[in-house]
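Just so it is clear, none of the values below were taken in a lab; they were calculated from the coordinates. In this text the structure is predicted, and so the values were computed from the model without any measurement. Don't worry about glycine lacking a Cβ; one is built from the backbone with ideal geometry, like all the others, and counts go over all protein chains shown.
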Ligand code: SF4
């Protein structure tokens, strides 16, 4: 490729030297001959193999989920002057940071206390003492959001008492708040970790009774579309109502390049979190990434709570009605006009999406919202595969399919992984796959066009900046879906006389 010869890898692996290298590697590993590899590969595309694959119990292959502490990091970074801290191995923290940095194209400030073999044998207390001391000395956070990796959980480190000891012996000042959350990755996923950390922040700062006020609390959950945070603020300002977003990473992960790097930027103010129990109500925009937190707020804060998935037309209608009911304010005319524009956009594109078969993957909340939006567009969800789904999700999404009379044509696959997805896509193919960057492997393998929605997305830039909620978010989603379809049509017709300027 001209312009980047010698440095880019777009064509590099096609060079003769690499072909020889790959071949030598294969010979060294005593690999099977091409014929054998091809025949096994073909077998893995069959129905017979799919049945075996779905009976698999002892191994998980490429699950579509991440570790608990990754979610805990994301919850913690949404609060002002907070440093996410992993009590555990350095490699775990490096993986979480790189995931976020590749997705947001931003630095993700978080630390670990680098537990190694000695800590696994003698306990990780010294790591916490030294880790807290270094973190405070170097970065001066006001709050540390501490979570745990598997190693710390397996040996049963009591992180709260280690933190108390660290304060008593002067490793960090007494007034530095350290919020601790246990996040063992051998259960749950990143959304469980998000919930665990958010819950601990609320218990630590937000459980004191506070005077009543007119604001509304909004919890977006494990939402990596930063445009959604801006959209929520805009919508509340159109209503003329103040809201407090509980955990807001949108400034931290979208900082301007002005020559000054700030370790901490934006985030929910702790004084606002302390006042949150006195708010008029709380609206939760995800269910499965906040189940423990929702329950706690319902039980402890004694205020009206609503849980609404705001993706798509109905989702956002529901949210506006909830805001209107909670505040007693009319839905603003501007938002009514925006609704009309989304309906118009859907009408313009409906005939391209109608009847198209989709496989939907992702975290439960986004998978639910996307499935409903595809149904609103006249599309046909066929497979819904959610690795980190629970029974409640399966029940609720099946109910949604029944509402649209699609219970026979669409099947839900909770707790399944990408190797299951691959089998499904070979045996019961669809027109389009919706998923994150990792699902590109299956999309390429099965020659299915991929529409990238979800987390993480490493191989496309800036999608996270857009909202996917609100009527404007609906237009963005529609844009990605329908233009994905049109791109596919263009690809399929490029060697044919079918050359259309207008579609
Ligand atoms: S599974 Fe556990 S040990 Fe592995 S990266 Fe995740 S937190 Fe670390």
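Numbers for the structure displayed
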| quantity | calculated |
| --- | --- |
| Estimated FRET transfer efficiency (residue 95, residue 336; beta-carbon r; R0 51 Å; 0.05) | 0.70 |
| Spherically averaged projected area in nm², based on the convex hull that wraps the Cα atoms of region 336-493 | 9.3 nm² |
| Separation in nanometres of the label points that stand 7 Å from Cα toward Cβ, at residue 440 and residue 415 | 3.1 nm |
| At R0 = 35 Å, FRET efficiency that the Cβ-Cβ distance of residue 262 and residue 187 yields, to 0.05 | 0.50 |
| Region 1-116 - Rg (one decimal) and Dmax (whole number), Cα, Å | 21.5, 59 |
| Fewest-first ranking of 466, 368, 18, 85, using other Cβ atoms within 10 Å as the exposure measure | 18, 466, 368, 85 |
| Extension gain from residue 318 to residue 37, taking 0.36 nm per residue of separation minus the Cα-Cα distance | 95.9 nm |
| Nitroxide proxy distance, nm - points 7 Å out along Cα→Cβ at residue 168 and residue 500 | 7.4 nm |
| 14 Å reach of a label modelled at residue 214, 7 Å along Cα-to-Cβ, counting backbone N of region 324-338 | 326-330 |
| Per-pair calculated FRET efficiency, R0 = 25 Å: residue 13 and residue 459 via Cβ, rounded to 0.05 | 0.95 |
| For 137, 305, 180, order by how many other beta-carbon atoms lie within 10 Å, fewest first | 137, 305, 180 |
| Approximate spin-label separation residue 255-residue 280, in nm, with each point projected 7 Å along Cα-to-Cβ | 3.5 nm |
| Mean ellipticity per residue at 222 nm, deg cm²/dmol - from DSSP H runs of n ≥ 4 across the chain, formula -39500 (n - 2.57) | -15000 deg cm²/dmol |
| Relative exposure of 37, 430, 386, 163, judged by other C-beta atoms within 10 Å (fewest first) | 37, 430, 163, 386 |
| Gap separating the Cα centres of region 40-62 and region 76-116, nearest whole Å | 35 Å |
| Potential lengthening between residue 27 and residue 395 on full extension [0.36 nm per residue; Cα-Cα distance subtracted] | 127.5 nm |
| Along principal axes, Cα extents of the chain, largest first, whole Å | 72, 65, 50 |
| Relative contact order [Cα under 8 Å, 6+ residues apart], the chain, whole percent | 16 percent |
| Length gained when the stretch residue 44-residue 175 is fully extended (0.36 nm per residue, less Cα-Cα span) | 41.3 nm |
